[in-house]
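**Student:** Below: one structure in structure tokens.
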């Protein structure tokens, strides 16, 4: 990969790898597990196919991403983070926390993975305490198991195995429930989201994320 800075500083060397436009957002979309090209494009819908292809090549060349074939019954190529790529997660969480202090000057849509990273960014283990819950979260076509246990918020792409509750809605609706200051019951009443199961436990989850 072309060196951008020719600077021995660790920050400069990191930016040589992930400093190009869209690169870290590609990593963001893969934090919860592998995705096909079209699913990456859906999460980064303002990024052209050509640029996405180039960034994937760049990240593969740097050892951040690799691809593999899945199937049968349906054969497809998926992209996923390497161990080195997954190590960028705390970097993205720290950037998200810093970015929350910047002015919000866009009305553009948020991808499901961006919302899930925001939940990781704003989760407060001190508020969660010893609270525990497993939630099946469905955001459009995306389904994620969200678990809180021992003051830690964990997420995995795919359905929850033994959920206490299920949250269904689009990204805008779930985002509003999490960050607009209302209650889960109010969000359900207004039709913003659908919540099945333990509503009180979901409210505790929301309280720990705000």
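The values are calculated or read from the model by the stated rules, or taken from the named source; none is laboratory data. From a predicted model like this one, the values you see are computed outputs, not experimental measurements. For neighbour counting, all protein chains shown are included, and Cβ atoms are generated from backbone atoms with ideal geometry for every residue, glycine included.
**Student:** Please verify whether the range 61-71 includes one or more residues that are assigned by TED's automatic domain parsing to the domain that holds residue 42 and assigned to a helix (DSSP H, G or I).
**Tutor:** For the range 61-71, residues assigned by TED's automatic domain parsing to the domain that holds residue 42 and assigned to a helix (DSSP H, G or I): present.
**Student:** Going by what's in this entry, would residue 177 be described as crowded, with 20+ Cβ neighbours inside 10 Å and more than 15 Å from the chain's Cα centre (by Cα)?
**Tutor:** yes
**Student:** Out of the range 43-82, which residues are touching a residue at least 60 places away in the same chain (Cβ under 8 Å), within 25 Å of residue 139 (Cα to Cα) and surrounded by 15 or more Cβ atoms within 10 Å (Cβ to Cβ)?
**Tutor:** 43, 44
**Student:** Working only within the range 163-173, note down all residues that are in contact with a strand residue (DSSP E or B) (Cβ under 6 Å, 6 or more places away or on another chain) and part of a strand (DSSP E or B).
**Tutor:** Hits for the range 163-173 are 165, 166, 167, 168.
**Student:** Then there is this: Quick one: which residue in 133, 127 is within 29 Å of residue 165 (Cβ to Cβ), crowded, with 18+ Cβ neighbours inside 10 Å and more than 13 Å from the chain's Cα centre (by Cα)?
**Tutor:** 133
Here is a yes/no grid of residues against (1) closer than 23 Å to residue 109 by Cα; (2) in the same structural domain as residue 29 (by TED's automatic domain parsing); (3) touching a strand residue (DSSP E or B) at 6+ places or on another chain (Cβ under 8 Å):
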residue: 133; (1), (2), (3): no, no, yes
residue: 142; (1), (2), (3): yes, no, yes
residue: 151; (1), (2), (3): no, no, no
residue: 155; (1), (2), (3): yes, no, yes
residue: 175; (1), (2), (3): yes, no, no
residue: 183; (1), (2), (3): yes, no, no
residue: 189; (1), (2), (3): no, no, no
